[in-house]
Amino acid sequence: MSSSDQPASPSRTTMIDGMTFEVLIDEQELAARVREIGQQISRDYDGLKPAIVAVLKGSFVFLADLVRSIDIECTVDFLVVSSYGDDTKSSGVVQISSDLTTPVEGRHVILIEDIVDTGLTMSYLLKNLESRSPASVKVCTLLEKPARLKVEVPVHYKGFTIDDHFVVGYGLDYAQTMRNLPFIGYKVG
Ligand code: 5GP
């Protein structure tokens with residue numbers, strides 16, 4: 001299993017719709033790393049037909065790129081989870097507002113998350129999924145923010161480690177906006 005850890009490149013700024021963003025990870029860096037993770041998953045799960053379970057909403061862009069880099073048979077399902085409301089601080093309360101449509105019993109599950117921040121969401125979801133008797137469960141996250149980790153979470157595939165910023169773009173939101181930005185960054189003005 002790979003959990004390779006790529007530090008983000010030196011920062012840059014960009015203006016979008018009158019707002020200034022510090023770009024932490026640009027489109028090319030995202031595409032290259034996501035492709036590598038997809039290839040790694042394809043090697044690790046060859047012949048196992050993994051059940052890919054994406055945690056919405058934040059992982060939807062990552063998922064769409066990731067699954068197109070996976071060249072083995074797999075299924076895709078979704079869990080809709082809310083832990084933040086419209087704020088930038090975790091409430092610590094995890095709620096599944098929409099559950100899987102197919103059982104994962106006996107399946108090799110790969111849980112796809114946008115970011116492991118405090119780890120509370122992943123820790124809750126791991127326990128929840130393990131109670132459904134899968135053959136295995138592994139975690140794949142695009143980002144990890146170690147500075148804020150409260151609960152240790154076993155991460156098997158990781159895109160990037162970032163510093164303690166509230167980041168947006170590539171699926172991640174600020175009050176449901178900014179998910180459409182093609183890079184990962186944070187607002188500076
Ligand atoms: P955790 O439970 O690990 O604290 O947080 C998990 C969820 O909080 C993530 O799936 C994500 O939706 C949200 N979150 C945590 N950090 C950030 C961030 O920097 N930006 C955004 N947009 N969401 C975040």
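Looking across segment 36-56 at every residue that is of a type in the set (D, E, K, R) and farther than 18 Å from Val139 by Cβ, the one that is nearest to the ligand (Cβ to nearest atom) is identified as Lys49. Selection of segment 148-173 for residues being more than 16 Å from Ser59 (Cβ to Cβ) and within 10 Å of the ligand (Cβ to nearest atom) yields Arg148, Leu149, Lys150, Val151, Asp164, His165, Phe166. The residue that is nearest to the ligand (Cβ to nearest atom), among those in segment 116-147 that are of a type in the set (S, T, N, Q) and more than 12 Å from the chain's Cα centre (by Cα), is Thr118.
Table: residues versus (1) modelled with pLDDT under 95; (2) surrounded by fewer than 19 Cβ atoms within 10 Å (Cβ to Cβ); (3) over 19 Å from Lys145 (Cβ atoms).
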residue: Val23; (1), (2), (3): no, no, no
residue: Leu30; (1), (2), (3): no, no, no
residue: Glu36; (1), (2), (3): no, yes, yes
residue: Ile41; (1), (2), (3): no, no, yes
residue: Arg68; (1), (2), (3): no, yes, yes
residue: Val76; (1), (2), (3): no, yes, yes
residue: Asp99; (1), (2), (3): no, yes, yes
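Scanning segment 165-189 for residues that are closer than 15 Å to Ile115 by Cβ and in a strand (DSSP E or B) yields Val168, Gly169, Leu172, Tyr174, Ile184, Gly185, Tyr186. Among the candidates Val167, Val188, the residue that is exposed (fewer than 13 other Cβ atoms within 10 Å of the Cβ) and touching a residue at least 60 places away in the same chain (Cβ under 8 Å) is uniquely Val188.
The values are calculated or read from the model by the stated rules, or taken from the named source; none is laboratory data. Predicted model only: the values in this text are computed from it and were never measured. We place every Cβ from the backbone using ideal geometry, glycine too, and count neighbours over all the protein chains shown.
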